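Engineer: Pasting a structure here, questions to come.
The values are calculated or read from the model by the stated rules, or taken from the named source; none is laboratory data. The structure displayed is predicted, hence computed values, not measured ones. A quick note on method: Cβ atoms are made from the backbone with ideal geometry, for glycine too, and the neighbour counts reach across all protein chains shown. Surface accessibility is based on the protein's heavy atoms, side chains included, excluding ligands, DNA and RNA. Shrake-Rupley method; radii C 1.70, N 1.55, O 1.52, S 1.80 Å.
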Amino acid sequence: MEQSWEQTDNRDHAARQARLRLAAIVESSDDAIIGKDLNGIITDWNKGAERLYGYSADETIGKPISIIVPSGPVDDVVEIMAKIRAGETIKHFETVRRKKDGTLVEVSLTASPILDTERRIIGASTIARDISERKHQEAALRESEEALRQKDRELSETRRFARVGSFYCDARSGSVTWSEELYLIAGLDPSLPAPTHKDEPRHFAAESWEQLQAPVQEALRNGTPYELDLEMVRPDGTTRWVKAHGEPVSDTAGRIVALRGAAQDITELKLAEEAVAGMSHKLLEAQEQERIRIGRELHDDVNQRLALLSVEIQRVKEVSPITYGELRSRMDELGKRTSEISAVVQFLSHELHSSRLEYLGLVSAMRGFCKEFGGKHEVEVVFASEGMPPIVPPELSLCLIRVTQEGPRNALKHSGVKLFEVKLHGSPTDIRLTVRDSGVGFDPELIKDTQGLGLISMQERVRLAKGTISITSRPQSGTEISVRVPLSARTPNESIKSEGA
């Protein structure tokens with residue numbers, strides 16, 4: 001009898017501990033967790049709700065939920081409570097709520113029925129998350145995408161209305177003839193005499209004129225045509241970029257007697273290309289911000305729910321009679337699966353947003369990724385580093401970790417091997433990264449025109465870091481990705497931050 005009482009007491013104690021853990025998790029959550037009865041009267045109000053809405057628990061418990069609902073033609077609380085009474089669960093319902101100071105906040109709600117011991121619905125539990133920043137990022141992303149589409153439209157219009165002028169240079173007399181359009185590109189009056197060969201240098205930037213001399217001489221000597229981008233200087237000091245095509249003209253005896261060609265004004269094209277490059281940088285920023293959002297949601301939402309599920313499973317296991325061996329075995333299996341899911345979520349969270357990169361640095365983050373990647377996919381990723389500086393600029397760290405993530409991921413899909421090598425080598429001037437496998441390899445010429453998003457993403461990241469990337473591979477001889485980034489590199493606006501990892 002005493003033993004039976006002791007067992008009962010132990011089970012009661014375990015149940016109390018489980019309830020305390022559950023209460024602690026709810027209270028420490030960053031999300032606003034609110035309980036209310038079926039009449040919409042608030043019964044529970046955690047610290048997350050205090051931070052989100054500005055009301056303390058003493059100010060809200062016993063009050064109607066309408067104190068945080070803005071006045072308007074649509075009252076979603078009525079609809080939500082109707083579904084709760086019907087036993088439904090509302091997931092990720094986006095709406096607007098009002099704070100204590102009167103400001104409005106966009107939130108995502110998940111509402112579930114609260115059941116008593118007899119499975120009767122006695123109230124509702126609501127979890128609310130502030131999504132104002134996410135909405136702002138989505139709007140910014142849409143704006144960036146529209147701006148990019150607008151630049152693409154402008155680029156198409158520029159090509160369609162391209163201005164092209166022609167020229168003819170007599171090699172014997174030195175006389176030069178320009179078309180009217182070339183005069184206009186150069187900012188000259190078409191009614192004036194054509195510029196002489198002596199005058200031509202002042203119509204070009206010094207570097208462009210110097211660049212033009214060798215191809216012209218080669219064309220006159222050997223008949224080799226040329227194509228160059230040149231910067232023309234107008235009389236008012238402004239400049240225009242032209243794409244110049246030149247070819248030799250021969251007489252009946254085959255002697256080269258002149259040069260003729262065309263110059264297309266590509267100034268708008270140059271500006272558009274620069275704008276597109278800048279937009280690519282901004283889109284990468286938006287992508288990194290989206291990775292942060294997804295990573296945090298996986299960690300703070302999904303992982304938290306899994307933790308609550310694990311606590312509930314443990315509680316059911318501890319209060320069940322000892323004779324229910326099969327039930328206990330099934331609970332053990334559920335607990336194991338829950339832990340496995342949590343590990344997968346943790347890996348995804350680290351891959352999307354590496355807090356280790358932010359707080360412990362590049363080497364630690366890269367070593368951790370290799371270990372987690374190997375464990376998840378049952379392969380071996382050998383990591384080594386040498387000569388690395390203690391502090392690596394955030395934009396370079398982000399570039400290198402993303403290339404490291406993309407390299408093994410692609411190799412896993414295509415190489416057919418279980419061993420990969422990742423190496424970091426630092427010097428006072430640069431950092432070099434090598435990702436190597438000994439798999440089936442490929443012929444680079446065959447994929448030149450069919451590059452996937454992964455390869456394009458790696459190339460774009462390295463370009464923005466002012467670095468170089470090369471991919472060497474041969475069929476049946478493996479693949480090696482080599483990256484070099486200078487330590488003095490900066491992105492155009494120095495705005496890819498470490499939190500984007």
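Engineer: (1) farther than 27 Å from Ser29 by Cβ; (2) at pLDDT 90 or above: which one isn't true of Lys100, the others all being true?
Structural biologist: Lys100 satisfies all of (1) farther than 27 Å from Ser29 by Cβ; (2) at pLDDT 90 or above except (1).
Engineer: Looking at this structure, is Ala214 open to solvent by 50 Å² or more (accessible area, probe 1.4 Å), small (Gly, Ala, Ser) and under 30 Å from Gly254 (Cβ atoms)? First the steps, then the outcome.
Structural biologist: Details: open to solvent by 50 Å² or more (accessible area, probe 1.4 Å): yes; small (Gly, Ala, Ser): yes; under 30 Å from Gly254 (Cβ atoms): yes.
Yes, satisfied.
Engineer: Could you look through the stretch 149-188, keep only residues that are of a type outside the set (Asp, Glu), assigned to a helix (DSSP H, G or I) and surrounded by 17 or more Cβ atoms within 10 Å (Cβ to Cβ), and pick out the one that is modelled with the lowest pLDDT? Working first, answer last.
Structural biologist: Of the stretch 149-188, the ones of a type outside the set (Asp, Glu) are 149-151, 153, 155-156, 158-169, 171-179, 182-188.
Add one more test, that the residue is assigned to a helix (DSSP H, G or I), and what stays is 149-151, 153, 155-156, 158-160, 182-186.
Filter again for surrounded by 17 or more Cβ atoms within 10 Å (Cβ to Cβ), leaving 151, 155, 158, 182-183, 185-186.
Values: Lys151: 79, Leu155: 53, Thr158: 50, Leu182: 85, Tyr183: 87, Ile185: 87, Ala186: 88.
Result: Thr158.
Engineer: Now a separate question. State which residue pairs qualify: first residue open to solvent by 50 Å² or more (accessible area, probe 1.4 Å) and inside the stretch 233-244, second residue part of a strand (DSSP E or B) and among the β-branched types (Val, Ile, Thr) in any location, beta carbons under 7 Å apart, and separation of 6 or more residues or different chains.
Structural biologist: Thr239/Val233
Engineer: Moving on. I'd like the full set of residues that are at pLDDT 90 or above and of a type in the set (S, T, N, Q), limited to the stretch 189-212.
Structural biologist: Within the stretch 189-212, Ser208, Gln211 qualify.
Engineer: How many of the residues in the stretch 434-493 are in a strand (DSSP E or B) and either modelled with pLDDT of 90 or more or not aliphatic (A, V, I, L, M) (or both)? First the steps, then the outcome.
Structural biologist: Within the stretch 434-493, the first condition is being in a strand (DSSP E or B), and the residues that meet it are 434-437, 468-473, 479-486.
Cutting the leftovers down to either modelled with pLDDT of 90 or more or not aliphatic (A, V, I, L, M) (or both) gives us 434-437, 468-470, 472-473, 479-486.
Selection size over the stretch 434-493: 17.
Engineer: Of all residues in the stretch 108-136, which are more than 18 Å from Val96 (Cα to Cα) and hydrophobic (A, V, I, L, M, F, W, C)?
Structural biologist: Residues of the stretch 108-136 more than 18 Å from Val96 (Cα to Cα): 112-124.
Result: Ile114, Leu115, Ile121, Ile122, Ala124.
Engineer: Okay, next question. Taking the conditions exactly as written (surrounded by 15 or more Cβ atoms within 10 Å (Cβ to Cβ) and within 30 Å of Glu288 (Cα to Cα)), does Arg97 satisfy them or not? Walk me through it before giving the result.
Structural biologist: Values: surrounded by 15 or more Cβ atoms within 10 Å (Cβ to Cβ): yes; within 30 Å of Glu288 (Cα to Cα): yes.
Yes.
Engineer: Considering only residues of the stretch 386-428 that are of a type in the set (Lys, Arg) and open to solvent by 20 Å² or more (accessible area, probe 1.4 Å), which is nearest to Gly439 (Cα to Cα)? Reasoning before the result, please.
Structural biologist: Initial filter on the stretch 386-428 (of a type in the set (Lys, Arg)): 402, 409, 413, 418, 423.
Then drop every residue that is not open to solvent by 20 Å² or more (accessible area, probe 1.4 Å), which leaves 409, 413, 418, 423.
Numbers: Arg409: 13, Lys413: 11, Lys418: 9, Lys423: 18 Å.
Residue satisfying both the conditions and the ranking: Lys418.
Engineer: Kindly indicate whether any position in the stretch 74-81 is farther than 20 Å from Leu308 by Cβ, of a type in the set (Asp, Glu) and open to solvent by less than 40 Å² (accessible area, probe 1.4 Å). First the steps, then the outcome.
Structural biologist: From the stretch 74-81, those farther than 20 Å from Leu308 by Cβ are 74-81; that's our starting set.
Checking which are of a type in the set (Asp, Glu) leaves us with 75-76, 79.
Filter again for open to solvent by less than 40 Å² (accessible area, probe 1.4 Å), leaving 76.
Yes: one or more hits.
Engineer: Okay, moving on. I need the full set of residues from the stretch 105-128 which are in contact (Cβ under 8 Å) with a residue 60 or more places away in the chain and either over 14 Å from Lys36 (Cα atoms) or β-branched (Val, Ile, Thr) (or both), in order please. Lay out the reasoning, then the answer.
Structural biologist: Taking the stretch 105-128 first, the residues in contact (Cβ under 8 Å) with a residue 60 or more places away in the chain are 107, 114, 121-128.
Matches in the stretch 105-128: Val107, Ile114, Ile121, Ile122, Thr126, Ile127.
Engineer: Now for a different question. Hey, does the stretch 104-111 have a residue that's over 17 Å from Asp31 (Cβ atoms) and touching an Asp or Glu at 6+ places or on another chain (Cβ under 6 Å)?
Structural biologist: There is no residue in the stretch 104-111 that is over 17 Å from Asp31 (Cβ atoms) and touching an Asp or Glu at 6+ places or on another chain (Cβ under 6 Å).
Engineer: Of everything in the stretch 189-210 that's part of a loop (DSSP other than H, G, I, E, B) and aliphatic (A, V, I, L, M), which residue is most open to solvent (accessible area, probe 1.4 Å)?
Structural biologist: Step one: list which residues in the stretch 189-210 are part of a loop (DSSP other than H, G, I, E, B), which gives 189-199, 205.
Subset that is aliphatic (A, V, I, L, M): 192, 194, 205.
Values: Leu192: 97, Ala194: 39, Ala205: 20 Å².
The extreme case among them is Leu192.
Engineer: Can you say whether Arg134 is in contact with a Lys or Arg (Cβ under 6 Å, 6 or more places away or on another chain), within 30 Å of Glu288 (Cα to Cα), among the basic types (Lys, Arg) and in a helix (DSSP H, G or I), as far as the supplied structure shows? Steps first, answer last, please.
Structural biologist: Values: in contact with a Lys or Arg (Cβ under 6 Å, 6 or more places away or on another chain): yes; within 30 Å of Glu288 (Cα to Cα): yes; among the basic types (Lys, Arg): yes; in a helix (DSSP H, G or I): yes.
When the stated conditions are applied, Arg134 passes them.
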